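Data first, discussion second: the structure below is written as structure tokens.
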Amino acid sequence: MAKNAVITGWGYYAPSRVMTNADLERIVDTSDEWITSRTGIKERRIASDGETTSTMSVRAGRAALEKAKMRAQDVQLIIVGTASPDYLFPATACLVQAELGATRAGAFDVEAACTSFLSALAIARGMIVSGAVENALVIGAETLSRLLNWKDRTTCVLFGDGAGATLIEASNASVGIESTVLHGDGTKGELLMVPAGGSKIPASSDSVERGLHFITMAGGEVFKLAVKSMADAAEEAIAEAGVSLDDINLMIPHQANLRIIDGVAKRLHFPSEKVFVNIQRYGNTSAASIPIAICEAEATGRLRRGDKVLLVAFGGGFTWGASVLEWYGAHDGVRPASPLDRARGVLGDVVERVRPL
Ligand code: UT7
């Protein structure tokens, strides 16, 4: 059985269409000043007509597999975290599985709103460490622009589209994903939801007329709970990993609102220069925000081998959670010849060989 699960590949995709705050000023009664000062957002990406959660997931997933030098047919599990799937079913993960040609992979979606990626990561880690699978492609992806009421200024200025992916692999090394904590409070579900389109309020001309298929949110309530819950989960994940906050080199929080991110850091007495922020360019991409941020942090040299990383998220449900991991990075190009070798946990030996512990 593998001792640990490590991230060996990562990639993201953001639609090329940029919508700035100035663009929004022309659509709804808002201003760049309001959006920037209340949220930190300057622009967001919006999917083009042909793009969906699955097409963006495929692009991110392919990039993660390339980084890990893993063939699609060797992937054993695909989990897509999303609240904006292509369909109610089949799962977006199945569409991704087909398009990637991941013929041996199991596939399912996880829906925990903005905590979906962390939830999928926790499942993948558990299945890898238990020996059920050797690897998993974990994707967070959203096309929230299709669930927004573009006449509702309280929500449409906040969200954006995109996808991020990580490949997680079994490892016998003593480093990897060291803790995952997840929480939920369904009594607050109605504060952030898409009311119609499910079994309670099926899609009908009436539901569409009343705009019930759009995201609704009591922003202030969400805000208050987000800061405290994320800070609490961060402390829990740190304790479970057996480290202290001082050991954390980089915090990658879910990018919902710059004031929430600052509030979490302040509550934890965590230095803001060690917090990764890219909300100004993407807005809130929900499940995609953490994996996109992982990719950008790595690309800009803020994630180096051996760094301790704290991931933390909060979202509708309510759901929240955190994870501590030690960044391993892409393995150094030595990959066991066959899936059988991998089944024997050879990657772990590779990990240990290239990175003395
Ligand atoms: O991903 C996890 C889930 N989502 C979140 O974490 C989001 C959490 N919430 C928030 O980020 C913030 O609550 C918001 C950014 C949504 C709102 O910020 P706020 O400081 O809580 O503002 P508010 O809701 O108290 O609204 C203040 C005013 C209101 O006007 P009145 O009633 O005081 O006259 C709003 O109508 O701002 C008005 N307003 C706007 N004005 C210009 C709301 N949206 C806009 C807008 N442009 N886009």
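The values are calculated or read from the model by the stated rules, or taken from the named source; none is laboratory data. For clarity, every value in this text was computed on a predicted model and none was experimentally measured. Cβ sites come from the backbone with ideal geometry, for glycine too, and all protein chains shown count toward neighbours. These area figures cover heavy atoms from the full protein model, side chains too; ligands, DNA and RNA do not enter into them. Shrake-Rupley method; radii C 1.70, N 1.55, O 1.52, S 1.80 Å.
Looking at the range 246-264, can you tell me whether even one residue there is in a loop (DSSP other than H, G, I, E, B), of a type in the set (A, V, I, L, M, F, W, C) and farther than 29 Å from Leu88 by Cα? Yes; the residues of the range 246-264 include at least one that is in a loop (DSSP other than H, G, I, E, B), of a type in the set (A, V, I, L, M, F, W, C) and farther than 29 Å from Leu88 by Cα. Filtering the range 245-275 down to residues that are under 14 Å from Ser323 (Cβ atoms) and under 17 Å from the mean Cα position of the chain (by Cα), which residue is nearest to the ligand (Cβ to nearest atom)? Among them, the one singled out is His254.
A search for C-beta distances below 9 Å between a residue of the range 264-284 that is free of Cβ contacts under 8 Å to residues at least 12 places away in the same chain and any residue that is surrounded by 18 or more Cβ atoms within 10 Å (Cβ to Cβ), counting only pairs 6+ apart in sequence or on different chains, returns Lys266/Val227; Lys266/Ala231; Pro271/Ala265; Ser272/Ile261; Ser272/Ala265.
Screening the candidates Val227, Val208 for the property of being assigned to a helix (DSSP H, G or I), open to solvent by less than 30 Å² (accessible area, probe 1.4 Å) and out of contact with any strand residue (DSSP E or B) (no Cβ under 8 Å at 6 or more places or on another chain) yields one hit, Val227. Residue check: is Ser174 among the polar types (S, T, N, Q), open to solvent by 10 Å² or more (accessible area, probe 1.4 Å) and without any contact (Cβ under 8 Å) to a residue 12 or more places away in the chain? When the stated conditions are applied, Ser174 does not pass them. Under the condition of being of a type in the set (Phe, Trp, Tyr) and open to solvent by 20 Å² or more (accessible area, probe 1.4 Å), the residues counted in the range 6-22 number 2.
Number of residues in the range 128-160 that are assigned to a loop (DSSP other than H, G, I, E, B) and either within 13 Å of the ligand (Cβ to nearest atom) or surrounded by 17 or more Cβ atoms within 10 Å (Cβ to Cβ) (or both): the value is 10.
Of the residues screened, Gly220 is not one that is away from the ligand (no atom under 16 Å from the Cβ) and farther than 17 Å from Ala113 by Cβ.
Here Ile238, Ile168, Ile177 are screened, and the one residue that is aliphatic (A, V, I, L, M), under 24 Å from the mean Cα position of the chain (by Cα) and farther than 28 Å from Tyr13 by Cβ is Ile238.
For the range 107-124, a residue qualifies if it is in a loop (DSSP other than H, G, I, E, B) and touching a residue at least 60 places away in the same chain (Cβ under 8 Å), and exactly one does: Ala112.
Taken over the range 260-281, residues that are in contact with a Gly (Cβ under 7 Å, 6 or more places away or on another chain) and open to solvent by 10 Å² or more (accessible area, probe 1.4 Å) amount to 1. Scan the range 23-69 residue by residue and report those that are in a loop (DSSP other than H, G, I, E, B), open to solvent by 60 Å² or more (accessible area, probe 1.4 Å) and touching a residue at least 60 places away in the same chain (Cβ under 8 Å). Ile27, Asp29, Lys42, Lys69 - these are the residues of the range 23-69 that are in a loop (DSSP other than H, G, I, E, B), open to solvent by 60 Å² or more (accessible area, probe 1.4 Å) and touching a residue at least 60 places away in the same chain (Cβ under 8 Å).
Examine the range 12-22 for a residue that is in a helix (DSSP H, G or I), within 16 Å of the ligand (Cβ to nearest atom) and at pLDDT 95 or above, and state whether such a residue exists. Scanning the range 12-22 turns up at least one residue that is in a helix (DSSP H, G or I), within 16 Å of the ligand (Cβ to nearest atom) and at pLDDT 95 or above.
Of the conditions (1) touching a residue at least 24 places away in the same chain (Cβ under 8 Å); (2) away from the ligand (no atom under 16 Å from the Cβ); (3) outside any helix (DSSP H, G or I); (4) closer than 25 Å to Gly176 by Cβ, Gly197 satisfies every one except a single condition; which number is it? Every condition holds for Gly197 apart from (4).
Looking only at the range 223-244, count every residue that is of a type in the set (D, E, K, R) and either away from the ligand (no atom under 16 Å from the Cβ) or closer than 10 Å to Ala322 by Cα (or both) and tell me the total. Qualifying residue count, the range 223-244: 4.
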